[in-house]
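To keep things clear, I will list the structure first and then write my remarks on it.
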Amino acid sequence: MTKPLEGIKIIDFTHVQAGPACTQLLAWFGADVIKVERPGSGDVTRNQLRDIPDADALYFTMLNSNKKSLTLDTKKPEGKEVLEKLIRESDVLVENFGPGALDRMGFSWERLNELNPKMIVASVKGFSDGHHYDDLKVYENVAQCAGGAASTTGFWDGPPTISAAALGDSNTGMHLAIGILTALLGRDKTGKGQKVAVSMQDSVLNLCRVKLRDQQRLERVGYLEEYPQYPHGEFSDVVPRGGNAGGGGQPGWVLKCKGWETDPNAYIYFTIQGHAWEPICKALGKPEWIDDPSYKTAEARQPHIFDIFKTIEAWLADKTKFEAVDILRKFDIPCAPVLTMKELANDPSLRASGTIVEVPHKKRGSYLTVGSPIKFSDMKPEVTASPLLGEHTDEVLLGLGYSRQDIFNLREIKAV
Ligand code: CAO
């Protein structure tokens, strides 16, 4: 089956998570992704949090599937020469080095554009160009703090909290992938490449859009009716942390189920969708609430929403999270069990859909990874193992016209 991005050649000058997540996605969809790594060491994640001695860490294997690995010292003149050859015949270069690193290497946007005017140059940085923090190096949690996620996550009586979801890293990579695909479509029309830049701060803020909504509502009316602070607590002039409250107009909370005393994940998320009030009352065996004026409307319920949640918890006390959801789904109530990584890893539906995949690896044996969350009717993205360090160096160099002797010479001077 031909994949849509087949024929698109990508120089993958990325490391850690934000950049690799982007290029991995493009590789799944058929792009020829060549990861350029420093000889001898490679991407730092190959060694980080290793669970098997001498084998690439899962941090690396789970972000670099379907790619090739070329080792190249791009600070040596001979390495730069190889990179220039590769640039001339590639469609995209993706990088997420610290600020200014590519320029210092001698590959500014102007130089890249001169070498290949059709090439798209895509970058991730912590902050956008011209931002007063644009000199900062940034990791995931830094971005979550700078992008508004930390100040709005967690409980009101606790500190700002980091989400386990990679809002700064993989999320930024996904934004960059959209930018690259857009620029490729643009190139079809203009024949020209362009620079695509995404900052981690901007990408986090993009996902915190509703919190900027709340800031403006708060400034106008002085309260936020869907937050637990309403109507009994106090609001300041900034959006507070709302615990597990629903972020839209539907109140919801994480509720205890049978076994919560010993199992930290025996919970469901329960949403009180306005128009589903009647089915909720029926499911809970509380038909008298349906027409009771203190319960009938969302507005009437809000002052005692936590008492309602307590009543639901009493109903949940003899049901596991799975039993509860199996009952509630029949009443069309938006809810889900709080699933652990172990449960997700073994979920037959996720295995069947290709969202959780088992990948054979030359050194590790097989490992689990998250496959493409995007599903197509005409293509099933297949996940293949991440490359060993330098696994494709010879193949790529031969393809660029280097002879076996040239490659030997490059190895002798440690340029590859
Ligand atoms: N050959 C020779 N040199 C190479 C090379 C190669 N193949 N690949 C990289 N290098 C060099 C770069 O030229 C640079 O050298 P100089 O600093 O001397 O110019 C250096 O290696 C890489 O620097 P870096 O700043 O990217 O790396 P770091 O480990 O100090 O910082 C990080 C890591 C992630 C904080 C930084 O890259 C960054 O801020 N990136 C942008 C934001 C980002 O993507 N962060 C998310 C990472 S995922 O959590």
Whichever residue in region 104-131 is of a type in the set (Gly, Ala, Ser) and assigned to a strand (DSSP E or B) and, among such residues, is farthest from the ligand (Cβ to nearest atom)
Ala122
Could you please give the count of residues in region 256-295 that are assigned to a helix (DSSP H, G or I), touching a residue at least 24 places away in the same chain (Cβ under 8 Å) and either aliphatic (A, V, I, L, M) or touching a Cys at 6+ places or on another chain (Cβ under 6 Å) (or both)?
4
Give me a count of the residues in region 13-52 that are more than 12 Å from the ligand (Cβ to nearest atom), part of a loop (DSSP other than H, G, I, E, B) and among the charged types (D, E, K, R).
2
Tell me which residues, restricted to region 354-366, are farther than 19 Å from Ser69 by Cα and either in contact (Cβ under 8 Å) with a residue 40 or more places away in the chain or hydrophobic (A, V, I, L, M, F, W, C) (or both).
Ile356, Val357
Any residue at all in region 73-85 that's closer than 30 Å to Phe408 by Cβ, free of Cβ contacts under 8 Å to residues at least 24 places away in the same chain and open to solvent by 20 Å² or more (accessible area, probe 1.4 Å)?
yes
Kindly evaluate Ala55 against the criterion of being in contact (Cβ under 8 Å) with a residue 12 or more places away in the chain, crowded, with 23+ Cβ neighbours inside 10 Å and of a type in the set (Gly, Ala, Ser).
no
Would you please list the contacts, defined by Cβ atoms under 7 Å and residues six or more apart or on different chains, that run from a residue in region 115-134 that is over 24 Å from Val16 (Cα atoms) to a residue that is open to solvent by 70 Å² or more (accessible area, probe 1.4 Å) and outside any loop (DSSP other than H, G, I, E, B)?
Leu115/Arg88; Asn116/Arg88
Of the candidates Pro381, Pro373, Pro337, Pro348, the one satisfying the condition of being farther than 26 Å from Asp54 by Cα and free of Cβ contacts under 8 Å to residues at least 12 places away in the same chain is Pro348
Looking at (1) hydroxyl-bearing (Ser, Thr, Tyr); (2) within 12 Å of the ligand (Cβ to nearest atom); (3) closer than 14 Å to Gln201 by Cβ, which is the one condition that is false for Ser151?
(2)
Just to be sure, is Val239 in contact (Cβ under 8 Å) with a residue 40 or more places away in the chain and in contact with a helix residue (DSSP H, G or I) (Cβ under 7 Å, 6 or more places away or on another chain)?
yes
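The values are calculated or read from the model by the stated rules, or taken from the named source; none is laboratory data. Given the structure is predicted, the values throughout are model-derived calculations rather than measurements. For neighbour counting, all protein chains shown are included, and Cβ atoms are generated from backbone atoms with ideal geometry for every residue, glycine included. The area values use the complete protein model at the heavy-atom level, side chains included, leaving out ligands, DNA and RNA. Shrake-Rupley method; radii C 1.70, N 1.55, O 1.52, S 1.80 Å.
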